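Computed from the coordinates by the stated procedures, all read-outs in this text should not be read as laboratory data. Keep in mind the model is a prediction, meaning the values are calculated, not measured. All Cβ positions, glycine included, derive from the backbone under ideal geometry; neighbour counts span all protein chains shown.
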Amino acid sequence: VVSDTRRLSDVEWFRDVYGDAVQTVRVVASEETRKRRNWVFVAGVDDAESECGLDQGVAFDWVITNDGDEGSLDEQLEPLLRSLRGRL
């Protein structure tokens, strides 16, 4: 498990080395939710490659929305966890 990649080249490296074993998961939250969590956009930081380099060009295997609804989060995570368990 790699908990954080920042650039397309990171994802490409893992896919090249580990092939079909790689499962990519993107966790997203609305801008409104992020602001409720005290996030404030900082130019030069939040628009840098290290923060948004994977916003385009990656076909994620899983996209999980984490806007604070625990039931919704559980519904999204269950199929992911089943899939991962099936690969073990």
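Some notes on this structure:
- Taking 0.36 nm per residue of sequence separation and removing the Cα-Cα distance, the LEU8/VAL58 pair yields an extension gain of 17.3 nm.
- Semi-axis lengths, largest first, of the ellipsoid equivalent to the chain are 24, 21, 8 Å, with √(5λ) applied to each eigenvalue of the Cα gyration tensor.
- Debye, to nearest 20: dipole size of the chain, +1 on Lys, Arg Cβ, -1 on Asp, Glu Cβ: 220 debye
- In the elastic network of the chain, a GNM with C-alpha springs shorter than 10 Å, the most mobile of THR33, THR24, THR65 is THR33.
- Applying 0.36 nm per residue to the separation of SER30 and ARG82 and subtracting their alpha-carbon distance, the gain on full extension is 16.1 nm.
- In this structure, VAL17 and VAL40 have a Cβ-Cβ separation that, at R0 = 41 Å, corresponds to a calculated FRET efficiency of about 0.65.
- For ILE64, the amide hydrogen comes within under 5 Å of the amide hydrogens of ARG26, VAL27, VAL28, counting only partners 5 or more places away or on other chains and with H modelled in the peptide plane.
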